[in-house]
Amino acid sequence: MTYKRTRAGDSGGLTEGGDTLEILFQAIYPRPFPSLKDLKFDDIMLLAEAAEKYQDFSMIYTSIAHHREVLYPSCSSWCYDGSSLQSKRRRLLAHAVKHDDLEMVRELQPLLINIPLSEVADIFFHMSPSRVGAFKGRSF
């Protein structure tokens with residue numbers, strides 16, 4: 001999907017799928033907030049990325065609330081959708097690091113204590129050099 005800007009020849013593509021953008025835009029417009037209860041973990045992660053990209057703060061905080069289910073599962077239906085809890089927690093860590101969510105990093109810390117340090121280092125290693133500065137000198 002592409003959109004046209006006002007200047008001739010200046011266009012760009014959207015990386016998000018139509019389903020993700022539809023839910024995101026429902027949260028932006030003044031109407032009842034969309035229900036996310038039936039979304040799978042992968043869909044919540046796509047929505048969280050889109051919310052961060054477009055700075056939809058209400059959806060960012062709603063996504064964080066859904067991420068809490070992975071931190072402290074009550075084992076709702078999407079808790080066991082085929083990927084392991086630890087794998088989901090690693091993805092949450094990567095998302096938190098990418099978006100400077102130090103609170104989420106701190107909450108994940110004791111839950112990821114059993115994964116190899118090399119995997120945690122790999123998540124931080126793949127950050128762009130400009131992002132590393134956000135974590136320098138910070139205590140977790």
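The values are calculated or read from the model by the stated rules, or taken from the named source; none is laboratory data. This structure is a prediction, so every number in the text was calculated from the model and none was measured. Neighbour counts are summed over all protein chains in view; Cβ atoms, including those assigned to glycine, are modelled from backbone coordinates with ideal geometry. Quick note on the areas: whole protein, heavy atoms, side chains included, nothing else; ligands and nucleic acids left out. Shrake-Rupley method; radii C 1.70, N 1.55, O 1.52, S 1.80 Å.
Within the range 116-132, how many residues turn out to be open to solvent by less than 80 Å² (accessible area, probe 1.4 Å), at pLDDT 85 or above and either of a type in the set (Gly, Ala, Ser) or not in a helix (DSSP H, G or I) (or both)?
Total satisfying the criteria: 1.
Out of all the residues in the range 47-65, which are touching a residue at least 24 places away in the same chain (Cβ under 8 Å) and touching an Asp or Glu at 6+ places or on another chain (Cβ under 7 Å)?
50
Give me a count of the residues in the range 41-74 that are in a helix (DSSP H, G or I), open to solvent by less than 40 Å² (accessible area, probe 1.4 Å) and not small (Gly, Ala, Ser).
12
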